[in-house]
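Trainee: Provided herewith is a single structure, encoded as structure tokens, for subsequent inquiry.
The values are calculated or read from the model by the stated rules, or taken from the named source; none is laboratory data. Everything numeric here is computed off the predicted structure, so don't read it as measured data. Counting neighbours? That spans all protein chains shown, and the Cβs are built from the backbone with ideal geometry, glycine included.
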Amino acid sequence: MGRWIWKYRALYLMSLPGIVFFLVFKYIPLAGSVIAFQNYNIFSGIAGSEWVGLEHFRTMFAHYDFLRILNNTLLIGLYDVVFAFPAPIVLALLLNEVRKVVYKRLLQTVVYMPHFLSWVIVSGIAIGIFSPSTGAVNHLLGWFGIEPIYFLGEESYIRSILIGSGIWRDSGYGTIIYLAAIAGINPELYEAAEVDGANRWRQTLAITLPALLPTITILFLLHIGRFLDFGFERVLVFLNPLNVAKGEILDTYIYQQGLLQQQYSYTTAMGLFKSVIGLVLVLIGNFLSKKTTGSGLY
């Protein structure tokens, strides 16, 4: 083993910063999860805080708002899987069909750019577009005689806005992996299919999608692992008192109760609950993936 490490010492040295990062910021903080079973006091520390067992978990499930917030998180997560996850795949397939290299590079640059905008800027753009007085959407509706709608002030629209803004911001950047996988497909397969009379649509169904399936499977498993982790900042910037009933998720609730109300143990229990659910979903998804496609995360 020592000889093997010495032989590839350059690679191990290059990976060292990443290993240290995950140890310091991902694994060592896991020890702090113990405060979910305590009445944690920041002055007494973990060692001096009182142990209460599963009391915070019972409080969490009995809380009158918990089921509503959990329902919001599950629905938004489901919409994200159904609508946002396939978007980069579809976009990658469309970009792959662009034959002019100049146009293809230009389109790639345009669809990548929103990813580098912060959610604060994205929310500002959305607020401007959906404004009831000056927004482009309401101006368009006015041409058809429809009264202005305050989209961000009605709770029925907040989930659609969250998912739609996420697709606009991240779907372009998400195509990078799929385009790289498409580039690795043997061109002779397309040539043989063309000789057999297959058009581009048929080639996509018979060659491109099957070749992308292992990549799609891995990314899907990673995606469902974050099913309850939709994103704190992504939601917080869109929330207001008028849409909070259907827009609030576990992450924003943890922020309100944990940091603002200083209920550290209670919100740690909620975070631990999220992590366990994510782990279970990954294990189930990986098992089903291996049974159906033969590939998985491990």
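Trainee: Exactly one of (1) of a type in the set (D, E, K, R); (2) in a helix (DSSP H, G or I); (3) over 14 Å from the mean Cα position of the chain (by Cα) is unmet by Glu233. Its number?
Mentor: Result: Glu233 passes all but (3).
Trainee: Is it the case, given these coordinates, that Thr268 is polar (S, T, N, Q), crowded, with 18+ Cβ neighbours inside 10 Å and within 17 Å of Arg68 (Cα to Cα)?
Mentor: no
Trainee: Among the residues of the range 263-298, what is the count of those that are assigned to a loop (DSSP other than H, G, I, E, B) and at pLDDT 85 or above?
Mentor: Summing the residues that are assigned to a loop (DSSP other than H, G, I, E, B) and at pLDDT 85 or above in the range 263-298 gives 1.
Trainee: If Ile42 passes every condition in (1) exposed (fewer than 14 other Cβ atoms within 10 Å of the Cβ); (2) assigned to a helix (DSSP H, G or I); (3) touching a residue at least 60 places away in the same chain (Cβ under 8 Å) but one, which one does it miss?
Mentor: Answer for Ile42: the failing condition is (2).
Trainee: Evaluate the following for Leu242: is it farther than 18 Å from Met60 by Cα, touching a residue at least 24 places away in the same chain (Cβ under 8 Å), assigned to a helix (DSSP H, G or I) and of a type in the set (A, V, I, L, M)?
Mentor: So Leu242 does not fit the description; no.
Trainee: Based on this model, can you work out whether Leu70 counts as part of a helix (DSSP H, G or I) and closer than 19 Å to Gln261 by Cβ? Spell out how you get there, then give the answer.
Mentor: On the way: part of a helix (DSSP H, G or I): yes; closer than 19 Å to Gln261 by Cβ: yes.
Considered against the rule, which asks whether it is part of a helix (DSSP H, G or I) and closer than 19 Å to Gln261 by Cβ, Leu70 comes out as yes.
Trainee: Of all residues in the range 263-298, which are basic (Lys, Arg) and within 21 Å of the chain's Cα centre (by Cα)?
Mentor: Lys274
Trainee: Please specify each residue of the range 246-282 satisfying the condition of being among the hydrophobic types (A, V, I, L, M, F, W, C) and free of Cβ contacts under 8 Å to residues at least 12 places away in the same chain.
Mentor: Hits for the range 246-282 are Leu259, Leu260, Val276, Val280.
Trainee: Name the pairs: first residue in the range 283-296 and within 21 Å of Phe227 (Cα to Cα), second residue exposed (fewer than 11 other Cβ atoms within 10 Å of the Cβ), Cβ to Cβ under 9 Å, at least 6 apart or on different chains?
Mentor: Pairs that qualify, where the first residue is within 21 Å of Phe227 (Cα to Cα) and the partner is exposed (fewer than 11 other Cβ atoms within 10 Å of the Cβ), are Asn286/Tyr298.
Trainee: Looking at Phe57, Phe61, Phe83, which is the one that is in a helix (DSSP H, G or I) and modelled with pLDDT under 90?
Mentor: Only one candidate qualifies: Phe61.
Trainee: With the condition kept exactly as written, say whether any residue in the range 154-171 is more than 20 Å from the chain's Cα centre (by Cα) and of a type in the set (Asp, Glu).
Mentor: yes
Trainee: Restricting attention to helices (runs of 4 or more DSSP H) lying wholly within the range 100-217, give those where 3 or more residues are in contact with a helix residue (DSSP H, G or I) (Cβ under 8 Å, 6 or more places away or on another chain) and on the phi < 0 side of the Ramachandran plot. Spell out the reasoning first.
Mentor: Working: elements: 101-112, 119-129, 136-143, 158-183, 187-195, 200-203.
Filter on the range 100-217 gives 101-112, 119-129, 158-183, 187-195.
The rows are residues; the columns are (1) loosely packed, with under 15 Cβ neighbours inside 10 Å; (2) over 30 Å from Thr73 (Cα atoms); (3) touching a residue at least 60 places away in the same chain (Cβ under 8 Å); (4) over 21 Å from the mean Cα position of the chain (by Cα).
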| residue | (1), (2), (3), (4) |
| --- | --- |
| Val90 | yes, no, no, no |
| Arg99 | yes, yes, no, yes |
| Trp119 | no, no, yes, no |
| Phe130 | no, no, no, yes |
| Ala136 | yes, no, no, yes |
| Phe144 | yes, yes, no, yes |
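Trainee: Can you tell me which residue in the range 223-242 is surrounded by the fewest Cβ atoms within 10 Å (Cβ to Cβ), limited to those that are touching a Leu at 6+ places or on another chain (Cβ under 8 Å), among the aliphatic types (A, V, I, L, M) and at pLDDT 85 or above?
Mentor: So, considering only residues that are touching a Leu at 6+ places or on another chain (Cβ under 8 Å), among the aliphatic types (A, V, I, L, M) and at pLDDT 85 or above, the one surrounded by the fewest Cβ atoms within 10 Å (Cβ to Cβ) is Leu242.
Trainee: Is at least one residue of the range 255-262 modelled with pLDDT under 90 and within 20 Å of the chain's Cα centre (by Cα)?
Mentor: Within the range 255-262, one or more residues are modelled with pLDDT under 90 and within 20 Å of the chain's Cα centre (by Cα).
Trainee: Among all residue pairs at least 6 apart or on different chains, which show Cβ distances below 6 Å where the first residue, located in the range 58-83, is without any contact (Cβ under 8 Å) to a residue 12 or more places away in the chain and the second is surrounded by 15 or more Cβ atoms within 10 Å (Cβ to Cβ) and part of a helix (DSSP H, G or I)?
Mentor: Phe66/Met60
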